[in-house]
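Novice: Structure below; questions to follow.
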Amino acid sequence: MSILLGAIGDDITGSTDLALMLGNNGMPAIQYIGVPPESTPDPDTPAAVVALKSRTAPPEEAVAQSVAACQWLVGKGARQIFFKYCSTFDSTEKGNIGPVAEALLDELGAAITIACPAFPANARTVYQGHLFVGDLLLCDSGMRHHPLTPMTDPNLVRFLNRQVRSADAVGLVPWPVVRLGSAAIRERLQQLSLQGRRFAVIDALCDRDLLDIGEACAELKLITGGSGVAMGLPANFRKAGLLSRTDGPAEIPSIQGAAAVLAGSCSAATRKQVHHMARTHPAFRIDPLELLDGRPVADRAVAWAIGAMRKGPILIFSTDDPEAVVRAQAHFGPERTGKIVENALAEIARRLHQAGVKKWIVAGGETSGAVVEALGIQSLRIGPEIEPGVPWTFSPAPEALCLAFKSGNFGTEGFFEKALGMLPGGA
Ligand code: ADP
């Protein structure tokens with residue numbers, strides 16, 4: 001079956017978030033891990049999401065992977081491409097949002113696209129081109145301490161302009177225009193395009209704005225943003241008579257096996273969730289300083305887990321507060337430290353999978369990317385929502401697994417326990 005919408009996510013958690021949003025709005029999506037090989041059967045859903053691990057890759061690599069994903073999706077019939085990134089615009093001065101979006105515009109022969117990270121259900125809004133997390137500007141939120149993409153400039157017009165090749169490529173569709181509805185938004189996009197802008201940062205404060213923006217973008221070949229703006233896209237395909245499915249999310253299959261939570265995010269929400277779960281469940285802390293010292297931390301964690309998981313769900317975490325993260329990064333820098341921690345969590349996942357863990361909750365985008373790679377997962381079906389932006393997912397191959405990938409900053413304090421409680425028969 002030909003797909004209608006093809007999406008490229010710059011990490012795993014963001015991609016499941018987007019697939020959930022599309023499914024919740026009547027457009028089921030299958031998620032692939034990386035660009036699928038030629039032998040992959042055609043998608044049987046109207047949307048497909050290719051999840052990459054490109055957020056913090058070198059820009060040339062992120063561009064090459066994203067263009068390859070775009071070509072694959074267009075080959076499968078995609079009429080519109082969605083480039084999904086984080087609702088907190090996680091990126092650096094070098095990219096990768098700007099370079100990837102620019103390359104996709106070129107690939108698709110498109111004149112202009114929007115940049116719309118707003119996700120009001122998770123308290124991310126954009127006003128006058130400035131990104132807010134709750135009542136704080138992005139630069140005053142916990143995102144300023146992110147280990148890999150510290151966000152210190154909330155002005156998305158200025159920030160995105162720095163990431164792209166051409167000067168003055170980024171314009172703004174301000175909220176007074178957005179509130180007038182889709183026709184006004186469409187007209188402003190046309191004006192910006194005539195002025196030679198290739199990107200329009202677009203204000204959005206509530207779901208109504210996102211629905212209008214989605215409607216205004218029906219004819220754009222490329223849309224970029226967080227999952228929020230995707231809520232308005234299925235309606236465009238329905239209106240065009242192309243989409244009639246109404247099936248809801250897949251049910252959680254009943255799978256025998258142990259349950260483990262792996263947390264590699266140091267974001268504020270994950271820190272709270274880790275503390276909360278550690279109060280009532282066996283928990284093992286990965287110390288990055290020990291890893292950097294070359295100690296056998298993964299061996300110890302696995303030996304501990306094999307004993308502990310017989311009694312119920314376990315938690316393994318490298319999550320720490322900003323001061324400890326800075327200390328850990330002092331020797332090898334953020335990227336290498338991050339990789340060492342990710343590799344350790346991936347190794348632990350691989351070995352615990354062999355030891356019988358079948359139900360996984362992973363916190364952190366980069367961390368989730370490392371874990372899916374270690375588990376050899378190729379595609380995911382999207383199940384019911386746990387909390388906004390995070391569904392249960394199932395991997396049919398190479399072996400049936402239940403997995404939940406949580407973006408670091410998503411979820412309430414009791415998220416892990418709530419997710420485990422949704423599994424058939426408990427965890
Ligand atoms: P988020 O979704 O919060 O952005 P990610 O998993 O994407 O989480 O990114 C967190 C990064 O921080 C990963 O590269 C991870 O390996 C790294 N990391 C995890 N724990 C620590 C720590 N204690 N010190 C330094 N870096 C860490």
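Novice: Are there any pairs, at least 6 apart or on different chains, whose C-beta atoms fall under 6 Å, with the first in the range 150-167 and farther than 19 Å from ASP106 by Cβ and the second in a helix (DSSP H, G or I) and aromatic (Phe, Trp, Tyr), and if so, which?
Specialist: Within 6 Å, the pairs are ASP153/PHE159.
Novice: Which residue out of PRO147, PRO99 is open to solvent by less than 50 Å² (accessible area, probe 1.4 Å) and within 16 Å of the ligand (Cβ to nearest atom)? Give the derivation first.
Specialist: Details: PRO99 fails: within 16 Å of the ligand (Cβ to nearest atom).
Just one listed residue meets the conditions, PRO147.
Novice: Ok, one more. Output the residues belonging to the range 353-381 that are touching a residue at least 40 places away in the same chain (Cβ under 8 Å) and within 19 Å of PRO37 (Cβ to Cβ).
Specialist: GLY369, VAL372, GLU373, ILE377, GLN378, SER379, LEU380, ARG381
Novice: I've got another one for you. Starting from residues that are in contact with a helix residue (DSSP H, G or I) (Cβ under 6 Å, 6 or more places away or on another chain) and open to solvent by less than 10 Å² (accessible area, probe 1.4 Å), keep the ones in the range 203-223 and report whichever is nearest to LEU105 (Cα to Cα).
Specialist: LEU222
Novice: Let me ask something else about it. Could we say that LEU18 is touching a residue at least 12 places away in the same chain (Cβ under 8 Å), in the same structural domain as LEU108 (by TED's automatic domain parsing), more than 18 Å from GLU366 (Cβ to Cβ) and open to solvent by less than 10 Å² (accessible area, probe 1.4 Å) here? Steps first, answer last, please.
Specialist: Working: touching a residue at least 12 places away in the same chain (Cβ under 8 Å): yes; in the same structural domain as LEU108 (by TED's automatic domain parsing): yes; more than 18 Å from GLU366 (Cβ to Cβ): no; open to solvent by less than 10 Å² (accessible area, probe 1.4 Å): yes.
No: the conditions fail for LEU18.
Novice: List pairs: first in the range 319-344 and of a type in the set (Val, Ile, Thr), second part of a loop (DSSP other than H, G, I, E, B) and within 6 Å of the ligand (Cβ to nearest atom), Cβ under 7 Å, 6+ apart or cross-chain?
Specialist: THR319/SER265; THR319/CYS266; VAL325/PRO147; VAL325/CYS266; VAL341/GLY264; VAL341/SER318
Novice: If you take the residues of the range 269-298 that are closer than 13 Å to ASN343 by Cα and assigned to a helix (DSSP H, G or I), which of them is farthest from the ligand (Cβ to nearest atom)?
Specialist: Across the range 269-298, the extreme among qualifying residues is ALA298.
Novice: What do you reckon, is ILE252 modelled with pLDDT under 95 and either open to solvent by less than 70 Å² (accessible area, probe 1.4 Å) or in contact with a helix residue (DSSP H, G or I) (Cβ under 9 Å, 6 or more places away or on another chain) (or both)? Steps first, answer last, please.
Specialist: Working: modelled with pLDDT under 95: yes; either open to solvent by less than 70 Å² (accessible area, probe 1.4 Å) or in contact with a helix residue (DSSP H, G or I) (Cβ under 9 Å, 6 or more places away or on another chain) (or both): yes.
Judged against the criteria, ILE252 is a match.
Novice: Let me ask something else. Among the residues of the range 394-407, count how many are open to solvent by less than 10 Å² (accessible area, probe 1.4 Å), within 16 Å of the ligand (Cβ to nearest atom) and not aromatic (Phe, Trp, Tyr).
Specialist: First, the residues of the range 394-407 that are open to solvent by less than 10 Å² (accessible area, probe 1.4 Å): 395, 401-406.
Next, only the ones that are within 16 Å of the ligand (Cβ to nearest atom) stay: 403-406.
So of that shortlist, the ones also not aromatic (Phe, Trp, Tyr) come out as 403-404, 406.
Qualifying residue count for the region: 3.
Novice: Hey, among LEU194, LEU233, which residue is open to solvent by 10 Å² or more (accessible area, probe 1.4 Å) and modelled with pLDDT of 95 or more?
Specialist: Working: LEU233 fails: open to solvent by 10 Å² or more (accessible area, probe 1.4 Å).
Checking each option against the conditions leaves just LEU194.
Novice: Which one of these is more than 7 Å from the ligand (Cβ to nearest atom), buried (at least 16 other Cβ atoms within 10 Å of the Cβ) and over 13 Å from ALA263 (Cβ atoms): LYS359, LYS311?
Specialist: Values: LYS311 fails: buried (at least 16 other Cβ atoms within 10 Å of the Cβ).
Result: LYS359 is the single residue among LYS359, LYS311 that is more than 7 Å from the ligand (Cβ to nearest atom), buried (at least 16 other Cβ atoms within 10 Å of the Cβ) and over 13 Å from ALA263 (Cβ atoms).
Novice: With the requirement that a residue be under 19 Å from ASN409 (Cβ atoms), surrounded by 22 or more Cβ atoms within 10 Å (Cβ to Cβ) and not hydrophobic (A, V, I, L, M, F, W, C), what does the range 112-144 give you?
Specialist: PRO117, ASN122, ARG124, THR125, SER141
Novice: Now, a different point. Which condition from (1) open to solvent by less than 10 Å² (accessible area, probe 1.4 Å); (2) within 25 Å of SER254 (Cβ to Cβ) is the one that ARG351 breaks?
Specialist: (1)
Novice: Counting only residues that are more than 8 Å from the ligand (Cβ to nearest atom), closer than 17 Å to ARG271 by Cα and either aliphatic (A, V, I, L, M) or not assigned by TED's automatic domain parsing to the domain that holds ASP293 (or both), how many does the range 314-356 have?
Specialist: 4
Novice: So which of LEU222, LEU289 is touching a residue at least 24 places away in the same chain (Cβ under 8 Å) and over 25 Å from THR13 (Cβ atoms)? First the steps, then the outcome.
Specialist: On the way: LEU222 fails: over 25 Å from THR13 (Cβ atoms).
The conditions single out LEU289.
Novice: Based on what the data block shows, is LEU242 more than 25 Å from the chain's Cα centre (by Cα) and in a loop (DSSP other than H, G, I, E, B)? Give the derivation first.
Specialist: Values: more than 25 Å from the chain's Cα centre (by Cα): yes; in a loop (DSSP other than H, G, I, E, B): yes.
Yes; evaluated as a whole, the condition is true for this residue.
Novice: Sort out which residues of the range 155-184 are within 28 Å of the chain's Cα centre (by Cα), farther than 24 Å from ALA103 by Cα and of a type outside the set (Gly, Ala, Ser), and write them in order of number.
Specialist: Scanning the range 155-184 gives PRO174, TRP175, VAL178, ARG179.
Novice: So, in the range 72-96, how many residues would count as being open to solvent by 30 Å² or more (accessible area, probe 1.4 Å) and not charged (D, E, K, R)?
Specialist: So the answer is 3.
Novice: So ALA259 clears everything in (1) under 22 Å from ILE97 (Cβ atoms); (2) in a strand (DSSP E or B) except one condition, right? Which one?
Specialist: Here ALA259 meets the rest and fails (1).
The values are calculated or read from the model by the stated rules, or taken from the named source; none is laboratory data. What you see is a predicted model, and the numbers here were worked out from it, not measured in a lab. Virtual Cβ from ideal backbone geometry, glycine too; neighbours counted across all protein chains shown. Only protein heavy atoms, including side chains, enter the accessible area calculation; ligands, DNA and RNA are left aside. Shrake-Rupley method; radii C 1.70, N 1.55, O 1.52, S 1.80 Å.
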